[in-house]
Amino acid sequence: MRAAYVEQLGGVDEIRVGELPDPVAGPGEVLVDVVATSANPVDTFVRSGLYVTPVPLPLVLGRDVVGRVVADAAGFRAGEWVWSNSLGHGGRQGAAAERAVVPAERLYRLPEGADPFDVVVMVHPGATAYLALVTHGRVRAGETVLVAGGGGNVGAALIELAAAAGARVIATASADDLDRCRALGATEVFDYRDPGLADRLAAAGAVDVFVDTSGRNDLEAAVGLLAERGRIVVLAGARSRPVLPAGELYMHDRSVLGFAISNARAEELAEAAVSLNDRFAHGGLRPHHVERRTLADAAETHRRLEQGAVRGRVVLVVS
């Protein structure tokens, strides 16, 4: 089969596109004909070795997949449309290939009528948002959620899911993205370049859950915005080293929680998939700024991701 892979971890120049043996499904696994995969910044972390995780070598890149089941297996029927968002790490081969083997506990059916190319773009940011808000942030109806960076796909998913959970949503984004944040459910939106942003956020009221998708992790500012028992969820910024105002944190029962979706348990991802599929089935969680490329573009896509030159998301169309 044709695949985008590396024979050793390292830089973009390690990426190869060529033939590898077809994978074989074992007990509890499902063989999938891949239609498309998406490219995520975390894929570059795995490939480079920045995120340390068990990987087989050669390693097929990519964690997200949408495709069709090849043969009846583990409760799935041949021809069913399916998706997954946890390949390419944790000892599992990736999705950037003509075929992929997926553990049945990490494979989910595509809702009828959902666009598979939209879905493959959103399963990673959507699950990230769900885990940040629900699993780790413990959001409740009536609480206030602040999304810093609402213009990206993770930020947009955070806004949409928080609003659907009954939370009041405040978002910061670029001026061009403010209307979209409102349309997704944010009731108050602010330009992150506004020199008076800190005062505007303080005036907007105390925050129960704060999520910064940019990775800046300005905890000095964020902690001061929190309500009693407010939570900051850190999900980006692998190299950030913020200052933590410990006194303000513990004197008000506030907390900072870090999570990486790569560490999510199968049952947590399955719970997220139920919520995501409900949104997909009703036309929600739509992507913004999507590029379609092919497996041949894998190395260039990784290079652009590392340079911060990708706006939105990239889909690698396989078949």
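When the criteria are applied in full, VAL120 fails the requirement of being part of a strand (DSSP E or B), in contact with a strand residue (DSSP E or B) (Cβ under 9 Å, 6 or more places away or on another chain) and modelled with pLDDT of 95 or more. If only residues of region 82-117 that are part of a loop (DSSP other than H, G, I, E, B) and of a type in the set (A, V, I, L, M) are counted, the one that is nearest to ARG63 (Cα to Cα) is LEU87.
So, VAL134, is that one closer than 19 Å to GLU267 by Cβ, modelled with pLDDT of 95 or more and in a helix (DSSP H, G or I) or not? The answer is yes for VAL134. Do we find a residue being out of contact with any Leu (no Cβ under 6 Å at 6 or more places or on another chain), more than 30 Å from ALA221 (Cβ to Cβ), touching a residue at least 24 places away in the same chain (Cβ under 8 Å) and of a type in the set (A, V, I, L, M) anywhere in region 282-292? So far as region 282-292 goes, yes, one or more of its residues are out of contact with any Leu (no Cβ under 6 Å at 6 or more places or on another chain), more than 30 Å from ALA221 (Cβ to Cβ), touching a residue at least 24 places away in the same chain (Cβ under 8 Å) and of a type in the set (A, V, I, L, M). Criterion first (out of contact with any Lys or Arg (no Cβ under 7 Å at 6 or more places or on another chain) and either in the same structural domain as VAL290 (by TED's automatic domain parsing) or more than 22 Å from PRO195 (Cβ to Cβ) (or both)) does ALA165 satisfy it? Yes; evaluated as a whole, the condition is true for this residue. When ALA202, ALA222, ALA272 are checked against the criterion of being surrounded by fewer than 18 Cβ atoms within 10 Å (Cβ to Cβ), part of a helix (DSSP H, G or I) and hydrophobic (A, V, I, L, M, F, W, C), a single residue qualifies: ALA202.
For region 230-238, the criterion of being at pLDDT below 95, in a loop (DSSP other than H, G, I, E, B) and exposed (fewer than 14 other Cβ atoms within 10 Å of the Cβ) is met by at least one residue.
The values are calculated or read from the model by the stated rules, or taken from the named source; none is laboratory data. Everything quoted here is computed from the prediction, not taken from an experiment. We place every Cβ from the backbone using ideal geometry, glycine too, and count neighbours over all the protein chains shown.
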